[in-house]
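Asker: To start, I am sharing the structure in question, which I have written as structure tokens.
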Amino acid sequence: MSEKCNRNLSLLLGLILLPLSVFAGPKISIDNKDHDFGTVREGEVKEFIHIFKVKNTGDSNLVIKSIRPG
């Protein structure tokens with residue numbers, strides 16, 4: 001193949017594969033993103049526990065580096 005043909009083929013493959021790389025990677029899915037613990041009075045001591053179910057629906061590893069309250 002000529003150099004021009006190789007370059008055109010590479011460009012074509014790049015254009016075809018580029019959209020696939022945009023959609024690749026980890027994707028987080030959370031069933032219920034919010035939880036209401038109700039009314040808490042100032043000074044009241046309570047233990048609050050809620051489990052958020054997190055799932056990776058992407059095609060590579062999902063790494064959660066930090067979590068903060070909303």
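Asker: Only one residue in 70, 14, 38, 25 is among the small types (Gly, Ala, Ser), at pLDDT below 85 and assigned to a loop (DSSP other than H, G, I, E, B), so which one is that? Walk me through how you get there before you give the answer.
Answerer: Values: 14 fails: assigned to a loop (DSSP other than H, G, I, E, B); 38 fails: at pLDDT below 85; 25 fails: at pLDDT below 85.
Checking each option against the conditions leaves just 70.
Asker: Return the pair list, or none, for Cβ contacts closer than 9 Å from residues in segment 26-40 that are surrounded by 10 or more Cβ atoms within 10 Å (Cβ to Cβ) to residues that are among the acidic types (Asp, Glu) and in a loop (DSSP other than H, G, I, E, B), at least 6 apart or on different chains.
Answerer: 26/59; 27/59
Asker: Taking segment 51-62 only, how many residues are of a type outside the set (Phe, Trp, Tyr) and modelled with pLDDT under 90? Reasoning before the result, please.
Answerer: First pass over segment 51-62, keeping only residues of a type outside the set (Phe, Trp, Tyr): 51, 53-62.
Pick out the ones that are also modelled with pLDDT under 90 and you get none.
Looking only at that region, the number is 0.
The values are calculated or read from the model by the stated rules, or taken from the named source; none is laboratory data. Computed from a predicted structure; not experimentally measured. For neighbour counting, all protein chains shown are included, and Cβ atoms are generated from backbone atoms with ideal geometry for every residue, glycine included.
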